[in-house]
1. Determine which member of the set Tyr35, Tyr67, Tyr43 is at positive phi, touching a residue at least 12 places away in the same chain (Cβ under 8 Å) and of a type in the set (Ser, Thr, Tyr).
2. Among residues belonging to region 5-64 that are closer than 18 Å to Glu82 by Cα and among the small types (Gly, Ala, Ser), point out the one that is modelled with the lowest pLDDT.
3. Considering region 70-91 alone, what residues qualify as being surrounded by 15 or more Cβ atoms within 10 Å (Cβ to Cβ) and not β-branched (Val, Ile, Thr)?
4. Mind checking which residues of region 10-57 are exposed (fewer than 15 other Cβ atoms within 10 Å of the Cβ) and among the acidic types (Asp, Glu)?
Amino acid sequence: MFFSLPRFYSVKFAAAGFGFCLVARGAIEARVQVYGYGKLWDYAPGALLVQEAGGSVANIGTDTFDYHDLNFVASNREVHAELQKFFAGNLPTQN
């Protein structure tokens with residue numbers, strides 16, 4: 001699935017905070033998580049960093065971020081809508 005993204009590359013991160021920091025500073029365009037795991041404190045600080053840096057964080061297929069749903073897109077505003085559209089229609093089944 002990740003290789004079918006137009007104009008995008010995928011990199012897998014193990015730490016949520018690192019990916020959020022990269023998005024916030026503009027080193028990568030987005031951090032997309034599908035069927036992840038973790039707790040509120042793993043995602044709340046990073047989501048705040050991205051939003052304060054001018055980016056967007058929202059659950060896949062929505063305009064808001066609920067920490068109980070760990071399928072989300074954290075990205076800059078230029079690619080957010082396109083990534084939301086792509087992943088909302090192509091969310092893989094959970095194993």
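The values are calculated or read from the model by the stated rules, or taken from the named source; none is laboratory data. Everything quoted here is computed from the prediction, not taken from an experiment. Glycine also receives a Cβ, built like all others from the backbone with ideal geometry; neighbour counts cover every protein chain displayed.
1. Sole residue among the options that is at positive phi, touching a residue at least 12 places away in the same chain (Cβ under 8 Å) and of a type in the set (Ser, Thr, Tyr): Tyr35.
2. The residue in question is Ser10.
3. Leu70, Asn71, Phe72, Ala74, Ser75, Asn76, His80, Glu82, Leu83, Gln84, Phe86, Phe87
4. Within region 10-57, Glu52 is the sole residue that qualifies.
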